[in-house]
Amino acid sequence: MLIKPINDIRNPRHILDDDSDETTPHPIPTISIDIGINTIENIVVIPKTISILQEELLDEKAGSIKVDYPELSLQLSEEQAQSYDEDEQLYSAIRQREINTKYPTIEIPIYSVDKRNLVLTVPHFPNTITYNILARQLVKVFNPLVTGSWIVLAPCSMNNNQTIAIMESHTDPLLDLVPILTPPHTITGISAAIISQLPPNSKLISLVLNSEGQPGFEKSDNDAIVDICVILGSVLELDNKEEYLKRKI
């Protein structure tokens, strides 16, 4: 008996014909910063995945950052005004909900620690362009005010049995004990964006925590969290350094 294979591919019953997100350009956000402090000793930028480092600090709100997409809202309003078809209105409402979920208006609080340091935790953005635009605006506003250092923290999957690393050498005795991050390790997100936007003469302390997981959703090692707390307590000269460390250990 001869069995002939069937090579014909059946047509699918349903075809969803819609624009792909890959072909649609990402909207450009507008960044506005409200801050009431004229001088800053140090500024600490923390990704959302390790926000626990900021949550345990005794701080008070000193300002905020608003990330908005006014161009996107205007575009949707114009599309709705051009068509009053009931089905089209339903589609527009669903699309509006999807866009609001993907590109929400976000307010990022800025906290003052011991009235001389600023700390802010940046959420995860699906649109990576937002990190660059936000970093550019942060450097533009805060770099003239910072008298000490920019301290940026970043998660990284390290395979060398190290809990933390630093991206450049320092003369500080404590920071000098931290091993330097070596290739092929890399960082992404807001930390990488700020490092790329800072002028070469800026004082920068870039610390990396051993973590695992997808970019934007990493989980950092507990020992790395404790080690970073020791460094933050020393560099920021926290008034409640011992209490801060006790809450982490």
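Rule-based calculations on the coordinates, nothing more; no lab input. None of the values given here were measured: they were computed from a predicted structure. So basically every Cβ, Gly included, is an ideal-geometry build from the backbone, and we count neighbours across all protein chains shown.
Numbers below:
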| quantity | calculated |
| --- | --- |
| Pairs of Cα atoms farther than 17 Å apart, the range 124-232, % | 55 |
| Pair LYS102, ASN132: separation of 7 Å Cα→Cβ label points (nm) | 1.9 |
| Ordering of 214-222, 229-237, 122-130 by burial proxy (mean other Cβ atoms within 10 Å per residue, highest first) | 229-237, 122-130, 214-222 |
| Sequence of THR49, THR163, THR101, THR188 once ranked by neighbouring C-beta atoms within 10 Å, starting from the fewest | THR101, THR188, THR163, THR49 |
| Order of LYS48, LYS140 - criterion: other Cβ atoms within 10 Å of each residue's Cβ, fewest first | LYS140, LYS48 |
| Residue-by-residue Karplus 3J(HN,Hα) for the range 25-31, coefficients 6.51, -1.76, 1.60, Hz, glycine and proline x | x, 6, x, 8, x, 9, 10 |
| Label-point separation, GLN214 to LEU145 (7 Å along Cα→Cβ), nm | 3.5 |
| Over 24 Å between alpha carbons, listed pairs LYS115/LYS140; LYS115/LYS219; LYS48/LYS102 | LYS115/LYS219 |
| Difference of contour (0.36 nm per residue) and Cα-Cα distance, ASP114 to LYS203 | 30.0 nm |
| Per-residue HN-Hα couplings for the range 37-50 [Karplus 6.51, -1.76, 1.60; θ = phi - 60°; Hz; x = Gly/Pro] | 10, 8, 10, 10, 7, 9, 10, 10, 10, 10, x, 4, 5, 10 |
| Gain upon complete extension [VAL226, LYS241; 0.36 nm per residue less C-alpha separation] | 4.2 nm |
| Proxy reagent accessibility, fewest Cβ within 10 Å first, across LEU245, LEU181 | LEU245, LEU181 |
